[in-house]
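The structure under discussion appears below in the form of structure tokens.
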Amino acid sequence: MMRINLLLLMGLVLSALYLVNLQYDSRRLYAELDRAQNQARRLATENERLQLERRTQATSMRVEKLAKSQLHMRAATPAVTAYVAYPAPVQAQASSTTTAQTFVQGRLP
């Protein structure tokens with residue numbers, strides 16, 4: 001009878017230790033889940049902020065202002081527009097060297 005009592009006591013202690021370990025793991029996993037959810041919320045907020053900042057940076061007024069101030073660009077008007085006439089195409093010749101020469105000079109055969 002003593003052996004059975006010791007065996008039952010040993011089983012009770014082992015199951016109690018297992019239960020404590022299980023509760024500890026459960027609490028640890030819940031804390032980890034909570035940290036991950038907080039980080040996800042923080043990242044979502046930062047993503048929204050960055051999207052807003054990107055939209056703000058890309059407004060046409062800001063781009064035009066930067067183009068004028070940093071790149072010294074100006075709006076195209078007919079007074080400053082230079083029109084370039086494309087020369088008449090040259091007749092293709094039988095020799096491939098002349099074709100290559102006209103291509104190098106910037107004209108298409």
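Read-outs: derived from the displayed coordinates by stated rules, not from any lab. Owing to the predicted nature of the structure, the values given are computational and were not obtained by experimental measurement.
Rounded, prolate or oblate for the stretch 2-75? Axes are the square roots of the Cα gyration tensor eigenvalues, ordered a ≥ b ≥ c, and the cut-off for rounded is a/c under 1.5. Please list the in-between numbers first.
Values: a/c = 14.95, a/b = 8.94, b/c = 1.67.
In terms of gyration-tensor shape, prolate.
Under the 0.36 nm per residue contour assumption, what length would be gained going from the current alpha-carbon distance of Thr77 and Gln23 to full extension?
Working: separation 54, 0.36 × 54 = 19.44 nm, distance 7.61 nm.
Stretched fully, the Thr77-Gln23 segment lengthens by 11.8 nm.
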